[in-house]
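Below is one structure, written out as structure tokens; the observations come after it.
The values are calculated or read from the model by the stated rules, or taken from the named source; none is laboratory data. Treat the numbers as computed from the prediction; the structure is a model and nothing was measured. Cβ placement follows ideal geometry from the backbone for every residue including glycine, while neighbour counts extend to all protein chains displayed. Calculation scope for accessible area: heavy atoms of the full protein, side chains included, ligands and nucleic acids excluded. Shrake-Rupley method; radii C 1.70, N 1.55, O 1.52, S 1.80 Å.
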Amino acid sequence: PCFGFEGKMAANSLQIEETLKRIQQQKGVEGYIISDEVGNVLRTTFSDESEKDLVTKLSSELPALAERASSAVRDLDPTNMMRFVRVQTRKKELMISKDQGFVLMVVQGTVSPE
């Protein structure tokens, strides 16, 4: 048996769950999507049928954007690594993080000028 392995996995899983809960509680966050590097959705907080199209579009496009950004950072400095990309549009703000085969995409509403 791998002594301690199960405990480490459980602790890591708990830490991930706590992080996702903190993200979801941030002001303006509409939800998140976790996908693999090719865009297969592994988990999302978007559950409404009306949001299905958004999830499909984001999970199919953003992992490639994250990969291109990561490549650009490596090209500029091979000793560096991209951790986070932020894209702001008129309607949404997208925060993308790529790490070890997974892509985390956080969708946040933008603050409209008063």
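A few comments on the model shown:
- Heavy-atom accessible area per residue - the stretch 47-114, 1.4 Å, Å²: 73 Å²
- In summary, the lysines within cross-link reach of residue 57, defined as a Cα separation below 26 angstrom excluding same-chain residues under 8 places away, comprise 21, 27, 91, 92, 98.
- Protein accessible area in the chain, 1.4 Å probe - carbon and sulfur %: 54 percent
- Net dipole in debye of the stretch 43-105 [+1 Lys, Arg Cβ; -1 Asp, Glu Cβ; about Cα centre; nearest 20]: 160 debye
- Relative contact order, percent, the chain [alpha-carbon distance under 8 Å, six or more residues apart]: 25 percent
- Gyration tensor verdict on the chain (Cα atoms; rounded if a/c is under 1.5, prolate if a/b is larger than b/c, oblate otherwise): oblate
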